[in-house]
There are 2 protein chains.
Amino acid sequence: MKLYDYPPAPNPRRVRIFLAEKGIEVPTEAVDLRQGAQLSEAFRRINPQCVVPYLVLDDGTGISESIAICRYFEALQPDPPLFGKTPLEQALVEMWSRRAEFEGLLAVADALRNSAPAFKNRALPGHDDYEQIPALVERGQRRTKRFFDVLEERLAHSTFLAGDFFSVADITAFVTVDFAGWIKLTLPETHINARRWYETVRARPSASA
Amino acid sequence: MKLYDYPPAPNPRRVRIFLAEKGIEVPTEAVDLRQGAQLSEAFRRINPQCVVPYLVLDDGTGISESIAICRYFEALQPDPPLFGKTPLEQALVEMWSRRAEFEGLLAVADALRNSAPAFKNRALPGHDDYEQIPALVERGQRRTKRFFDVLEERLAHSTFLAGDFFSVADITAFVTVDFAGWIKLTLPETHINARRWYETVRARPSASA
């Protein structure tokens, strides 16, 4: 199998951290998103959706969507569990994964992609071009700050997002906090619980994956 | 347990169809989103996020996010499986679920919530108010049509979205096609494979849940 990757981007990083937590090594190939390589004829033939990360299995089957790739490896190798064990744990991991994505990762992406010149006509990832919408910049910044508050509220009562165990929800939220640096937003000094959690996650060997 | 519900809205419908497929009955209580009941003091005390569907367990634990609620019931009662069985099936269900949400459901929601007077200052669901952004209306319509093309392309080669088995990905996509009717978009006559799939899903008893 092969994982199409791009080291600086947040979504491929989620998958790399996940694989590092599992101790799984997968051959990777970088697709230079900064140069638009995901839109090249060569990569379109591999993934017509024109997104990374993208996992291609030995039989040619392709899997897009970071969390779909993570689930594939979770099912292949359940230990250590990163999607929860009990029904309630599984539900809370799913809930916090989604909240981290919708309220955090997508908010930062909106603020960045609708303002940075490098994303002109690329306000959304994928095959089609979409113009930047300036109103999404301020909204994305506001939502990112609100997400930091959500993290602080939750982590004042919980070691990790889904409970007292590390999960894929923490990976997404951690990557989101770093990604927010691209729009010059950081966890406020006042958010002591979120900062304690951030440092805990950053200290894991997987964080440098 | 109790499921906070609102029959006309697409997300609670996804959960109701899922439960009907499983043959699980859960007591429900309607929260009248049209009247803004999700923002009332009474409902804020139940779910400070101010969204439905919302599942409250007997011990008081709350679960938001439609797919998190579905996963809870999948783990409690695995049959019939709606998130896939093998690792590859699980990955493809996750991938198509997410594509149906990001490329379909969220696109329709953007077009609707940024135009309809009923959603003034409510461009996004949840606790906080967000102004409507007119540029998201046309983008949402364009993305919805593109999603119909994605469905047609996929369903020309596959009985259901994730393969030859019905899954939660089909539930999301089916609900999205009906939801698109709210912005006056329907599967084009030319999309014969998507229409065949739509009629197959609509014929299931769960579709009326």
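The values are calculated or read from the model by the stated rules, or taken from the named source; none is laboratory data. These numbers come from a predicted model, not from an experiment. Glycine gets a Cβ as well: all are built from the backbone with ideal geometry, and neighbour counts include every protein chain shown. In case anyone asks, the SASA skips ligands and DNA or RNA and just uses the protein heavy atoms, side chains included. Shrake-Rupley method; radii C 1.70, N 1.55, O 1.52, S 1.80 Å.
Computed values, structure above
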read-out: Subset of region B:79-95 [among the charged types (D, E, K, R) and facing chain A (nearest Cβ under 8 Å)]; value: B:Glu94
read-out: Odd one out for A:Thr172, checked against (1) within 19 Å of A:Glu138 (Cα to Cα); (2) touching a residue at least 12 places away in the same chain (Cβ under 8 Å); value: (1)
read-out: Residue within region A:180-187 that is open to solvent by 40 Å² or more (accessible area, probe 1.4 Å), assigned by TED's automatic domain parsing to the domain that holds A:Arg113 and farther than 25 Å from A:Pro12 by Cα present; value: no
read-out: Sole residue being touching a Pro at 6+ places or on another chain (Cβ under 6 Å), within 22 Å of A:Phe83 (Cα to Cα), assigned to a helix (DSSP H, G or I) and not assigned by TED's automatic domain parsing to the domain that holds A:Lys22, chosen from A:Val175, A:Val201; value: A:Val175
read-out: Some residue of region A:107-116 being assigned by TED's automatic domain parsing to the domain that holds A:Tyr198, in a loop (DSSP other than H, G, I, E, B) and in contact with a helix residue (DSSP H, G or I) (Cβ under 6 Å, 6 or more places away or on another chain); value: yes
read-out: Sole residue being modelled with pLDDT of 95 or more, within 7 Å of chain B (Cβ to nearest Cβ), open to solvent by 40 Å² or more (accessible area, probe 1.4 Å) and closer than 24 Å to A:Leu19 by Cα, chosen from A:Leu76, A:Leu106; value: A:Leu76
read-out: Conditions (1) more than 14 Å from chain B (Cβ to nearest Cβ); (2) crowded, with 22+ Cβ neighbours inside 10 Å; (3) over 11 Å from A:Val108 (Cβ atoms): number failed by A:Ser167; value: (1)
read-out: Unique match (being within 14 Å of chain A (Cβ to nearest Cβ) and at pLDDT 95 or above) among B:Glu21, B:Glu65; value: B:Glu65
read-out: B:Arg142 vs. criteria surrounded by 19 or more Cβ atoms within 10 Å (Cβ to Cβ) and of a type in the set (Lys, Arg); value: no
read-out: So B:Pro125, is it under 23 Å from A:Thr144 (Cα atoms), surrounded by fewer than 22 Cβ atoms within 10 Å (Cβ to Cβ), in contact (Cβ under 8 Å) with a residue 24 or more places away in the chain and within 14 Å of chain A (Cβ to nearest Cβ); value: yes
read-out: Condition broken by A:Gly36, with the remaining ones in (1) modelled with pLDDT under 95; (2) in the same structural domain as A:Ile183 (by TED's automatic domain parsing) satisfied; value: (2)
read-out: Qualifying positions in region A:128-166 - assigned to a loop (DSSP other than H, G, I, E, B) and free of Cβ contacts under 8 Å to residues at least 24 places away in the same chain; value: A:Asp128, A:Asp129, A:Glu131, A:Gln132, A:Ile133, A:Pro134, A:His157, A:Ser158, A:Asp164
read-out: Odd one out for B:Arg99, checked against (1) assigned to a loop (DSSP other than H, G, I, E, B); (2) touching a residue at least 12 places away in the same chain (Cβ under 8 Å); value: (1)
read-out: Of residues in region A:151-162 being crowded, with 20+ Cβ neighbours inside 10 Å and closer than 19 Å to A:Thr186 by Cβ, the one nearest to the other protein chains (Cβ to nearest Cβ); value: A:Leu161
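Residues are listed down the side, and each one gets a yes or a no for (1) open to solvent by less than 60 Å² (accessible area, probe 1.4 Å); (2) of a type in the set (A, V, I, L, M):
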site	(1), (2)
B:Phe18	yes, no
B:Glu25	no, no
B:Glu29	no, no
B:Gln35	no, no
B:Ser40	yes, no
B:Arg44	no, no
B:Val52	yes, yes
B:Val56	yes, yes
B:Asp59	no, no
